[in-house]
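First up is the structure itself, then whatever we jot down about it.
The values are calculated or read from the model by the stated rules, or taken from the named source; none is laboratory data. Keep in mind it's a predicted model, so treat the numbers as computed, not measured. All Cβ positions, glycine included, derive from the backbone under ideal geometry; neighbour counts span all protein chains shown.
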């Protein structure tokens, strides 16, 4: 059972025994744990019905959170507009939330509901709902103290800020009002109670032991009278109109005159020098203070609001002075001295640095070229080894004719690959021929289908790409993708362009073979290393490779893997 605030009228009992939500028959479930309930009565079945009011609180107490009070007009008269007297004691409550307030009669059940009726008035005069019969009841199993279940539910009602609704419950035959409840929609905004800095930490800790004791000792406010002149203090809060802090006071606690116990109920935003540094967010603490830490020097504005009433914002300005070494004159002087001292040295060292950069760049490029040739030379043995493995697989499957054909085609492919491998780059048509020959060979073994597509706007004869860069990717599509699918396998290689970029996609519809960071595939590793070295050598253009799940375009159904090579700024 949760704790519920009481109104202080007569003998008030707590609503208890509810687990989970509250649902009248035929209505959506109400989050009962977000409501505080109040009623006047004995808390048990009696001769008269008891009118109960349920008010949403959303993290703040119902009894009031700031300095705003209900207006004098909120004094519902004892006599109704029909001239019938209301009970001597009935609830006068306030709500700070825009949600509905619900009214139930826990000791009135369907067998006697026809004897009573209710109405709802705005500001005690304007009918929101005229006298009406009671037709709705709670679900079975909803128990309130000693009350039975399946009791009367009058509904949820609300009005606008600064107004109230009044609910009357009366006996039809005698027209006597047996219960009334008035709820005022009170506009409210956060109000600062006090401000604590690192120098006041002990004072704050002492105060925070009783967070809902909002009374301040004189000693807590006298400090502001000692630090600020009379005209610099707010006449209501006795706090500085603008807080001035030293460089070392970069952590500030703003203590609010608010009954808050859920951090979501309070929101704040912080601006520094006219720019937002902390956008609107829920408070960090389930309590009535905002703690700002490790602030840089500057002009600040703290904005605070209640989540339930975001249209009402409280602003408070403060300033943190810069340390001596953070002032503009110190920084300007320091910059001038540094520039003067470095100017002469820069003139002497610039020529030496330039020569050193040229030598280093030449050595770097030569080293990268050697590494690139080394990687390229490793591709041929890798390619030959995998091809021989495919031939061996055909022989083991007793497909001698296919193996012989594979050997013949492999010889032509090997000559083409070796010719391309003599150069760092090769033209796109040659690379396409190598891919076509390789896929034909693997098709002999696995029987999959493939296609190599070139978009019409791709100038294939004018494009050069690193030799044998694509073959390991197609090989992975065969080995890890479609090999187990056999004739159902599909591979597509597509060449396209986007503005000045050249794009190659290798797609398959096999199992998703997207490699993880620990993948040790030799061909894929060589390809990545080559791309890294090529990007270091070329200026103004680069290659990037991404491997991800396929989109299922190579065959009906989803799945597969897509390898995408982006040759950025490769086309003029």
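Some points to look at:
- Residue match in the range 357-377 (condition: at pLDDT 70 or above and either closer than 30 Å to residue 539 by Cα or assigned to a helix (DSSP H, G or I) (or both)): yes
- Screening 457, 424 for residues that are under 47 Å from the mean Cα position of the chain (by Cα), closer than 23 Å to residue 572 by Cβ and at pLDDT 70 or above leaves exactly one candidate, 457.
- Qualifying positions in the range 482-495 - more than 16 Å from residue 452 (Cβ to Cβ) and either surrounded by 18 or more Cβ atoms within 10 Å (Cβ to Cβ) or without any contact (Cβ under 8 Å) to a residue 60 or more places away in the chain (or both): 483, 484, 485, 486, 487
- Filter pass, residue 290 being assigned to a strand (DSSP E or B), under 27 Å from residue 199 (Cβ atoms) and touching a residue at least 24 places away in the same chain (Cβ under 8 Å): yes
- Residue count for the range 518-566, restricted to those that are at pLDDT 90 or above, under 12 Å from residue 466 (Cα atoms) and surrounded by fewer than 20 Cβ atoms within 10 Å (Cβ to Cβ): 1
- Check on residue 321, over 24 Å from residue 257 (Cα atoms) and in contact (Cβ under 8 Å) with a residue 24 or more places away in the chain: yes
- Tallying residues that are outside any helix (DSSP H, G or I) and within 39 Å of the chain's Cα centre (by Cα) within the range 203-224 yields 8.
- Of the candidates 270, 260, 306, the single residue that is at pLDDT 95 or above, closer than 27 Å to residue 216 by Cα, surrounded by 13 or more Cβ atoms within 10 Å (Cβ to Cβ) and in the same structural domain as residue 234 (by TED's automatic domain parsing) is 270.
- Tally of residues being at pLDDT below 75 and assigned to a helix (DSSP H, G or I) across the range 326-343: 4
- Within the set 118, 204, the sole residue that is buried (at least 20 other Cβ atoms within 10 Å of the Cβ) and touching a residue at least 12 places away in the same chain (Cβ under 8 Å) turns out to be 118.
- Counting residues in the range 282-291 that are exposed (fewer than 10 other Cβ atoms within 10 Å of the Cβ) and over 23 Å from residue 95 (Cα atoms) gives zero.
- Residues satisfying the stated conditions in the range 121-140, i.e. closer than 25 Å to residue 43 by Cβ and crowded, with 18+ Cβ neighbours inside 10 Å: 134, 137, 138
- Considering only residues in the range 189-199 that are modelled with pLDDT of 85 or more and not in a strand (DSSP E or B), the one that is farthest from residue 37 (Cα to Cα) turns out to be 191.
- Residues that are out of contact with any helix residue (DSSP H, G or I) (no Cβ under 7 Å at 6 or more places or on another chain), part of a strand (DSSP E or B) and surrounded by fewer than 18 Cβ atoms within 10 Å (Cβ to Cβ) occur in the range 169-187; there is at least one.
- Among the residues of the range 234-268, just one is more than 24 Å from residue 310 (Cβ to Cβ), touching a helix residue (DSSP H, G or I) at 6+ places or on another chain (Cβ under 7 Å) and outside any loop (DSSP other than H, G, I, E, B), namely 240.
- For the range 148-165, filtering for residues that are farther than 11 Å from residue 103 by Cα and part of a strand (DSSP E or B) leaves 3.
- Count of the range 454-472 residues, restricted to those that are buried (at least 20 other Cβ atoms within 10 Å of the Cβ) and in a helix (DSSP H, G or I), is 2.
- Here residue 279 passes the criteria (1) more than 24 Å from the chain's Cα centre (by Cα); (2) in a strand (DSSP E or B) except the one numbered (1).
- Positions within the range 423-453 being surrounded by 18 or more Cβ atoms within 10 Å (Cβ to Cβ) and assigned to a strand (DSSP E or B), in sequence order: 426, 450
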